[in-house]
Amino acid sequence: RAMLAPLMFTPTPRRVLLAGCGGGAIARWFHHHAPQTPGDAVEISAEVAQLARDYFDFPPASTAWRLICADVRDFVLSSAPEYDYLLVDLEEDQSTPDWVTAEPFLSRCRGRLSAQGTMVLNLISSSVDECAERLLAVRQAFTHGVGLLGDSNHDNLLVLARRDEAIVLPDKAVLAEAGQRWGLDFVAMASRLRIVPPAAS
């Protein structure tokens with residue numbers, strides 16, 4: 001649910017990109033709640049993609065969703081459309097791959113966002129120091145600052161970054177209305193969001 005936090009800022013995304021398919025839960029959720037919203041899920045493993053289709057009810061090809069078997073690093077370099085919501089949820093050996101928080105990939109992701117777009121990065125680090133280094137890299141790539149959304153029951157940290165705007169929370173009435181639209185408690189989610197200013201130049 002926390003991965004859907006960008007809907008607080010962009011209540012009706014025009015297009016969604018998932019870097020990593022997993023079991024396809026986010027794609028299924030969007031297909032159920034906003035079947036008209038097109039989405040691309042990019043998965044490097046053909047086996048995982050097939051499992052998502054065969055056993056985890058990834059939206060079928062007849063819907064607005066595409067399941068693309070490719071390396072997302074190549075995909076975000078292509079002439080793909082802009083996205084209002086980009087979720088990077090990638091893991092290797094129980095950690096976020098190093099290249100995910102390296103400048104080339106972050107810059108490419110920023111380039112694929114629409115002017116009002118938001119990226120969510122599911123950051124899994126082995127230590128506080130490593131997490132701090134990765135967070136600094138995101139802040140340097142997304143120069144308007146970032147938002148942090150954690151959960152005491154999980155070790156990972158969600159990092160929210162917008163292409164052209166700082167993270168600014170709507171007021172509670174707007175959050176409540178958006179939450180009603182999507183069936184999510186955005187008021188409670190917003191209370192856990194911590195905004196980090198831009199990195200010093």
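In table form, for the structure just shown:
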item	result
Compactness of the stretch 61-143, expressed as Rg and Dmax over alpha-carbon positions, Å	13.6, 45
Structure-based [θ]222 nm, the chain - -39500 (n - 2.57) summed over DSSP H runs of at least 4, per residue, nearest 500	-9000 deg cm²/dmol
Inverse of mean 1/r across different Cα pairs in the stretch 134-201, Kirkwood, Å	13.0 Å
³J(HN,Hα), Karplus 6.51/-1.76/1.60, whole Hz, each residue of the stretch 35-40, x for Gly, Pro	x, 7, 7, x, x, 10
Derived scalar couplings ³J(HN,Hα) [the stretch 20-30; Karplus, 6.51 cos²θ - 1.76 cosθ + 1.60; whole Hz; x for Gly, Pro]	x, 8, x, x, x, 4, 5, 4, 4, 4, 5
Distant-in-sequence amide H partners of G39 (H built 1.01 Å from N, under 5 Å)	V16, W65, R66
Computed over the stretch 38-103, Cα set: Rg, Dmax in Å	12.8, 36
Residues with amide H under 5 Å from that of G145, placed H, sequence gap 5 or more	A199
Semi-axis lengths, Å, the chain, gyration tensor of Cα atoms, sqrt of 5 times eigenvalues	24, 21, 16
Dimensions in Å of the stretch 67-106 - Rg and Dmax from alpha carbons	11.1, 31
Order by protection proxy (mean Cβ within 10 Å, highest first), peptides 188-200, 33-45, 121-133	33-45, 121-133, 188-200
Loop-located chymotrypsin sites (Phe, Trp or Tyr not before Pro) in the stretch 52-82, at most 16 other Cβ atoms within 10 Å (DSSP)	F56
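No value in this document is a laboratory result; all are computed from the given coordinates. These numbers come from a predicted model, not from an experiment. Here Cβ is always computed from backbone atoms with ideal geometry, including for glycine, and neighbour counts include all displayed protein chains.
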